[in-house]
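Participant: Handing you a structure now.
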Amino acid sequence: MRIIRRLYTSAFAAVLAIVVGSCQAPPPACDLDLVGQLDIEGAMAHMAYLSEQIGPRVVSTPEELAAAEYIAAELGRYGYQVEIQRFPRPTVHAYLTVEAAQPQRLNIRAGSLDEVSPEDYPLLTPEGGISAQVVYCGNGEAGAFPTEVSGQIALVTRSEEEPADVISRATEAGAVAVLMHNTDWKNYRVRIAQSDIPFATMNAEAAEVLREAGEVTVNFQVNRYDTSQNVIATRANSEHVDGSLPIVVFSGHYDSVPMSPGANDNASGAAGVMELARLLTRVPLAADVRFLACGGEEGGLVGSRYYVAQLSAAERERVVANFNMDMIATAGPDQTTLFVNTLDGENLVAQAANAAADTLGYADLLNAPYQRGSSDHVAFADSGIAGANFIWRELETIALEPWYHHPHDKMEHVSAERMRIALEIIAAASLKVMCADGELRQNAATAPAGGGSY
Ligand code: BES
Ligand code: ZN
């Protein structure tokens, strides 16, 4: 398999050399052999850092910012000019820390109130949070709240009881906050009309940690954060400072949903952006390249929409392709097909992906294009830019992995092999766009005429 792929690669490189050689200007040293230089271990290390050292990276939180700073520092080390682009995104987020010699932070999710925006959220905790004991109160049914819950935090198990009733009973019993836990490993959320005390949800595993900790004090915080950010690394082609070259944007969001470490969704895509940035550092290309790690995707594509909106009209017209990576390291046994999701059918990116998969011997693994949004390529597509999202799914059912958006989206559930295949296809496809004979750049209004800049 490996030998066959090398042959394909070399054959394509030879064709490329002939095509490139026929142009007037000197060719760039653009070579599909580059895909063999992908450092998948390095990309996995980025994923591990983001999902394990930092953990959940909810939009606008300090953890999301820490992830942005990590990505920015790495991209800076490769020699790029890096910008952290801030944008407003008010968000309410909750933390629960077991206070011990070695404090332990558990993954929880702040409760929601119907039609209350983060700006008006009335249940924020005071500066420094609430430190109190946790008192177990069964399912929170009538009579379940003992007198000792007064002044403490009530913990209840998810059941048929209405969450609003459970919270109001806890409030009547004098609890200062309510934590509700699921009966399995999954994340869940509670939204009610009104509450006088803060509340949050967690999974069964986090509740188990609390039970095992016994009579400990916990610190419970519900905070508001106002600003999220994108990380943008720019690779301007130094020989074309006049801004005439097409622009290719690689993107992947680095935020996660609450309670999820987001290893696959989407430390994988962010690590993909970082690894492609490393790979392309010094390769001469007939394009300007942007590496965009998006914040706030899970909040509704907030970062990518902001990025596209702030481009000048001239710059936006030069963007010919967006390669977006979201869940590119899926390990699920059924998620064996790499979908190339677009909103505009067989666009430049989908064509290039098909051509690259043919070249690399991966044609059977690819489903391109497939009509689907749900990730940052939508922000580009809405501006008329050819964008596509690369994501592993089950072919027949289009199912994602079971731990999608859940606390088990961890390194133990990602695949280095799927990451490698996805990155090889994306790297090869992008090289076809940035180096090939122009045919693949047919949608690029601003592509250099006659291949003169190759
Ligand atoms: N990575 C996911 C899911 C996804 C599903 C991407 C299918 C591409 C195709 C993504 O981060 C996500 O969860 N998206 C949201 C929508 C978003 C606008 C909040 C979703 O699909 O619910
Ligand atoms: Zn995602």
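The values are calculated or read from the model by the stated rules, or taken from the named source; none is laboratory data. The structure presented is a predicted model; accordingly, all values stated were derived computationally and were not measured. Glycine gets a Cβ as well: all are built from the backbone with ideal geometry, and neighbour counts include every protein chain shown. The accessibility values were calculated without ligands, DNA or RNA, using every heavy atom of the protein model including side chains. Shrake-Rupley method; radii C 1.70, N 1.55, O 1.52, S 1.80 Å.
Participant: Taking amide H positions as placed 1.01 Å from N in the peptide plane, with prolines and chain starts having none, which residues 5 or more places from ASN187, or on another chain, fall under 5 Å of its amide H?
Facilitator: So ASN187 has HN proximity to no qualifying residue.
Participant: R0 = 25 Å: FRET efficiency of VAL216 with LEU124, Cβ-based, nearest 0.05?
Facilitator: On the way: r = 24 Å, r/R0 = 0.95.
Step by step, r from the Cβ atoms, then E = 0.60.
Participant: Considering only DSSP states other than H, G, I, E and B, which trypsin sites (Lys or Arg not before Pro) in segment 191-297 qualify as loop sites with at most 15 other Cβ atoms within 10 Å? Each step should come with its number before you reach the end.
Facilitator: Details: sites: ARG191, ARG211, ARG224, ARG235, ARG278, ARG282, ARG290; in loops: ARG282.
Answer in residue order: ARG282.
Participant: Here's something else I'd like to know. Quick one: length gained pulling MET411 to GLU115 fully straight, 0.36 nm per residue minus the C-alpha distance? Intermediate values should be presented prior to the final figure.
Facilitator: Details: separation 296, 0.36 × 296 = 106.56 nm, distance 3.57 nm.
Separation in residues times 0.36 nm, less the Cα-Cα distance, equals 103.0 nm.
Participant: Turning to a different aspect of this structure: Would you please give the residues with an amide H less than 5 Å from that of VAL319, counting only those at least 5 places away or on a separate chain, with H modeled from the backbone geometry?
Facilitator: HN-HN under 5 Å from VAL319: ILE247.
Participant: Hey, another quick one. Work out from phi, with θ = phi - 60° and the Karplus expression 6.51 cos²θ - 1.76 cosθ + 1.60, the ³J(HN,Hα) of each residue of segment 381-389, listed in order in whole Hz, and give x for Gly and Pro.
Facilitator: Here the 3J(HN,Hα) series is 4, 5, 9, x, 9, 5, x, 8, 9 Hz.
Participant: Contact order normalised by length for segment 91-225, with contacts defined as Cα pairs under 8 Å and 6 or more residues apart; what percent is it? Display every interim value, and only then the final one.
Facilitator: On the way: 296 pairs, mean separation 49.8, N = 135.
Worked out over segment 91-225, it gives 37 percent.
Participant: Using a 1.4 Å probe, what is the accessible area per residue for the chain, in Å²? It would help to have the intermediate numbers written out before the result.
Facilitator: On the way: 17970 Å² over 454 residues.
Ligands and nucleic acids excluded, the figure is 40 Å² per residue.
Participant: GLU41 to ALA363: FRET efficiency via 1/(1 + (r/R0)^6), r the Cβ-Cβ distance, R0 22 Å, to the nearest 0.05?
Facilitator: Numbers: r = 27 Å, r/R0 = 1.21.
Efficiency computed from Cβ-Cβ geometry: 0.25.
Participant: Counting each DSSP H run of 4 or more residues in the chain as -39500 (n - 2.57), what helix-only mean residue ellipticity at 222 nm follows after dividing by all residues, to the nearest 500 deg cm²/dmol? Intermediate values should be presented prior to the final figure.
Facilitator: Numbers: 11 runs with 130 residues, N = 454.
So the calculated ellipticity at 222 nm is -9000 deg cm²/dmol.
Participant: ³J(HN,Hα) across segment 340-350 via Karplus (A = 6.51, B = -1.76, C = 1.60, θ = phi - 60°), whole Hz, x for Gly/Pro?
Facilitator: Coupling constants for segment 340-350: 10, 7, 10, 9, 10, x, 7, 7, 3, 6, 5 Hz.
Participant: Could you check how much of the accessible area of segment 91-225 is carbon and sulfur, as a whole percent, using a 1.4 Å probe? If you can, show how the numbers build up before the last one.
Facilitator: Values: 2800 of 6460 Å².
Its accessible area is 43 percent carbon and sulfur atoms.
Participant: Around ALA177, which amide H atoms from residues at least 5 apart in sequence, or from another chain, sit under 5 Å from its own amide H, with H modelled in the peptide plane?
Facilitator: Sorted by chain and number, the residues that satisfy this are ALA154.
Participant: Give me the dipole magnitude in Debye, nearest 20, for the chain about the Cα centre, with unit charges on the beta carbon: positive for Lys and Arg, negative for Asp and Glu.
Facilitator: Value, rounded to 20: 1220 debye.
Participant: Counting other C-beta atoms within 10 Å, and keeping those with at most 11, which DSSP coil GluC sites (Glu not before Pro) do you find in segment 189-284? Intermediate results must be reported in sequence, preceding the final value.
Facilitator: Working: sites: GLU205, GLU208, GLU212, GLU215, GLU239, GLU275; in loops: GLU215, GLU239.
Those satisfying the criteria are GLU215.
Participant: Once phi is turned into ³J(HN,Hα) by the Karplus curve 6.51 cos²θ - 1.76 cosθ + 1.60 with θ = phi - 60°, what whole-Hz value does each residue of segment 169-183 show in order, with x for glycine and proline?
Facilitator: So the J values, rounded to whole Hz, are 5, 4, 5, 4, 7, x, 5, 8, 6, 10, 10, 10, 10, 6, 9.
Participant: Put a dot 7 Å past each Cα toward the Cβ at GLU162 and GLN371; how far apart are the dots in nm?
Facilitator: Roughly 4.2 nm, to one decimal.
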